[in-house]
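Remarks on the structure that follows.
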Amino acid sequence: MKEKELLLSLLSDADLMAKFKENPKAVLKEKGIDVPEDVEIRVVEETEKVKYFVIPYVGSDAPASIEELEQRTAKYWIIA
């Protein structure tokens, strides 16, 4: 998966990490990951004591089952 490879690269390359924080869409494009122009990418970095829980967009109505949730969120990156 390209996203996991990117994550490993970011963690091992401070210059790439700085570039990614400044312009994530450019780095994603360089790595062959397409992001639509109208999509905003926000980069947040966890610390030992600060964690993030990202709630994916699923549309206007809640999924009825785990299977439906998986189908509707399969297009989102879940790296962690």
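The values are calculated or read from the model by the stated rules, or taken from the named source; none is laboratory data. Since the model is a prediction, treat every value here as computed from it, not as a measurement. No Cβ is skipped: glycine too gets one built from the backbone with ideal geometry, and neighbour counts run over all protein chains shown. Remember, those area values only see protein heavy atoms, side chains included, never the ligands or the DNA or RNA. Shrake-Rupley method; radii C 1.70, N 1.55, O 1.52, S 1.80 Å.
Key figures for this structure:
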{"quantity": "Breaking point among (1) in contact with a Lys or Arg (Cβ under 8 Å, 6 or more places away or on another chain); (2) open to solvent by 60 Å² or more (accessible area, probe 1.4 Å), for residue 59", "calculated": "(2)"}
{"quantity": "Some residue of segment 72-79 being open to solvent by 100 Å² or more (accessible area, probe 1.4 Å), touching a helix residue (DSSP H, G or I) at 6+ places or on another chain (Cβ under 7 Å), modelled with pLDDT under 90 and assigned to a loop (DSSP other than H, G, I, E, B)", "calculated": "yes"}
{"quantity": "Odd one out for residue 37 among (1) closer than 24 Å to residue 74 by Cα; (2) open to solvent by less than 100 Å² (accessible area, probe 1.4 Å)", "calculated": "(2)"}
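This table checks each residue for (1) assigned to a helix (DSSP H, G or I); (2) free of Cβ contacts under 8 Å to residues at least 12 places away in the same chain; (3) of a type in the set (A, V, I, L, M).
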| residue | (1), (2), (3) |
| --- | --- |
| 16 | yes, yes, yes |
| 20 | yes, no, no |
| 28 | yes, no, yes |
| 38 | no, yes, no |
| 45 | no, no, no |
